Amino acid sequence: MSLSATSPAFGSFYPSRSHRAMPRFTMAVRSRELTATPILTKLQKDCATPLPLLRHVADAMASDMRAGLSADGGSDLKMILSYVDSLPSGNEKGLFYALDLGGTNFRVLRVQLGGKEERVIATEFEQVSIPQDFMFGTSEKLFDFIASGLAKFAQNEGGKFHLPSGRIREIGFTFSFPVKQTSIDSGILIKWTKGFAVSGTAGRDVVACLNEAMERQGLDMRVSALVNDSVGTLAGARYWDDDVMVAVILGTGTNACYVERLAAIPKLQGQMSSTGETIINTEWGAFSNGLPLTVYDREMDNASINPGEQIFEKTISGMYLGEIVRRVLLKMAEDSDLFGASVPAKLAAPHVLRTPDICAMQQDNSDDLQAVGSILYNVAGVESNLRARSIVVEVCDTIVQRGGRLAGAGIVGILQKMEEDSKGLIFGKRTVVAMDGGLYENYPQYREYLQGAVTDLLGTDISNNVIIEHSKDGSGIGAALLAASNSKYEHDY
Ligand code: BGC
């Protein structure tokens, strides 16, 4: 296992490019010369996100949220109860751990919290990349790998980190897949997403899976809070800013959670919490209503390990944007002379073009689009002229614009639902949406399209009150904070 203390790289959450070393050769050869322009024009038309379409998406998001709150299975949106009824206050104190599993890396973190005065005294983390075969292996194998990474990390505690004697180390476990929570520290995995296909976990309590693996490692730690990454981000951001009401993840996958009033959750049937509020994990990746989808989306979905599922995620998140672009370019190469007379064989390999590649191509401002040319050459093995490179950039922009604007419409849908219920408490004052994930963090055009859609939908006055703010790696600290507030030991916060 490789342990490294680097921060998560943009590319690290994406399927690895196993076809890089393929020899350069070509598939079909065409005799006719045809332009790619009609394919581009049709793509732009099919991916268009004019204001009425965005409005429909925002409204549908709001009404699907209501349906999911009314009954389990009431809509595409699961609207999962997080059992987090109170967010961090700033008073949290002590040493806590966080374990974060959600992509092709997992992270372990420890934090020493010092209460209102000292806040975060120290943090340390390590990131471990998960070998691909563990993502397709057995549950035991995956959890053993994670528990052994955690055990190694826990051994090196020292310096500013201090656990009072007689206490067990407590963990906030961020598990970024759809889980039906059964309490703050237990929950059943509904299904894997983001390309994971581990056998034997779906239908099981993931905390029990981790506890069993920790026992096998002889590791005496306790999970005090099981949280989704969106919930961890909300908690982490709220620790610094009381106006944070929504958190959104835009990385390999996507999700959103928000603060909901118990009275607005019919499926709760009278359950109470001291605050009258709770965090709802929407699992909005499963949303599908009214999306402008293309033949490339449908074909990608059919070829995925979860066809028909996570359609919003497949349209807007980092695992898929590069792949959609690749499918368009392949079609252009097959039906036109975009890359010369033949179809580059490497371009036919699924996921060979990744979202960080299309992002890098879009940052190329040179006259001859040289960086675009070298990425196309390195990734797809093709020589391109300036005309081909400009078309490629336009394809990237079309897919990224659609993704960013739809994400923005999703955010407005959530805010709109909250505003309708609270009459002015959301749009009438400063409201913060905490954002995290490599796609949001590293793709400037995506961020601009997202913000543009929010402003288009809300108008300038209201959107000035809605602050969309990056909360970097807040989910790890957030999970540790939730472990603190759910600690089994006496505390006064
Ligand atoms: C999962 C969510 C998660 C999101 C972002 C989705 O695939 O279903 O639970 O929050 O990815 O990591």
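The values are calculated or read from the model by the stated rules, or taken from the named source; none is laboratory data. Source: prediction; values computed, not measured. Here the Cβ positions follow ideal geometry from the backbone for every residue, glycine too, while neighbour counts run over all protein chains shown. Accessible surface is based on the protein model in full, side chains and every heavy atom, while ligands, DNA and RNA are left aside. Shrake-Rupley method; radii C 1.70, N 1.55, O 1.52, S 1.80 Å.
Annotations for the structure displayed:
- Over the chain: Kirkwood hydrodynamic radius from C-alpha pairwise inverse distances, Å: 23.4 Å
- Phi angles across region 254-271 convert, under the Karplus curve 6.51 cos²θ - 1.76 cosθ + 1.60 with θ = phi - 60°, into 3J(HN,Hα) values of 9, 6, 8, 9, 7, 8, 10, 7, 4, 5, 9, 10, x, 5, 6, 6, x, 4 Hz, Gly and Pro given as x.
- For VAL382, the residues whose amide H sits under 5 Å from its own are TYR377, ignoring neighbours fewer than 5 places away on the same chain, with H placed 1.01 Å from N.
- Global size of region 310-360 as Cα Rg and Dmax, reported in angstrom: 11.8, 37
- Too-long pairs where the Cα-Cα distance tops 21 Å, listed order kept, from LYS191/LYS314; LYS78/LYS429; LYS116/LYS417; LYS78/LYS417; LYS194/LYS346: LYS78/LYS429; LYS116/LYS417; LYS194/LYS346
- Rounded, prolate or oblate (a/c below 1.5 giving rounded, otherwise prolate when a/b exceeds b/c) for region 324-387 by Cα gyration tensor: oblate
- Calculated mean residue ellipticity at 222 nm for the chain: -12500 deg cm²/dmol, from DSSP H runs with n ≥ 4 weighted as -39500 (n - 2.57), summed, divided by the residue count and rounded to 500.
- Ranked by the mean number of other Cβ atoms within 10 Å per residue, highest first, peptides 197-204, 159-166, 399-406 order as 399-406, 197-204, 159-166.
- Unit charges at the beta carbon, dipole of the chain: most positive-side option, ALA360, ALA36, SER186: ALA36
- Distance between modelled label sites at ARG167 and GLU490, nm, 7 Å Cα→Cβ extension: 1.3 nm
- Whole-percent P(r), region 226-360, all Cα pairs, 5 Å bins from 0: 2, 9, 14, 16, 14, 12, 10, 7, 6, 4, 3, 1, 1, 0.
- When each of the peptides 456-466, 232-242 is scored by the mean number of other C-beta atoms lying within 10 Å of its residues, the order from highest to lowest reads 232-242, 456-466.
- With protein chains left intact and a 1.4 Å probe, residues in the chain average 39 Å² of accessible area per residue.
- Overall form of region 337-465 per C-alpha gyration tensor (a/c, 1.5; a/b vs b/c): prolate
- Taken along the Cα-to-beta-carbon direction at a fixed 7 Å, the label points for ARG430 and ASP364 span 4.2 nm.
- For peptides 349-357, 111-119, 92-100, sequence by mean Cβ density within 10 Å, most packed first: 92-100, 349-357, 111-119
- Coupling constants for region 113-125 follow from the phi torsions by the Karplus curve (6.51 cos²θ - 1.76 cosθ + 1.60, θ = phi - 60°), and in residue order they are 9, x, x, 3, 6, 9, 6, 8, 6, 7, 9, 8, 9 Hz; glycine and proline get x.
- Region 329-363 versus region 213-278: alpha-carbon centroid distance in Å: 40 Å
- Only protein atoms count toward the accessible area here, which uses a 1.4 Å probe; on the chain, the carbon and sulfur part of that area reaches 50 percent.
- Neighbourhood charge, 11 Å Cβ-Cβ cut-off, centred on LYS488 and excluding it, Lys, Arg +1 and Asp, Glu -1: -1
- Most simply put, the chain has about 65% antiparallel DSSP beta bridges, counting only bridges with both residues inside it.
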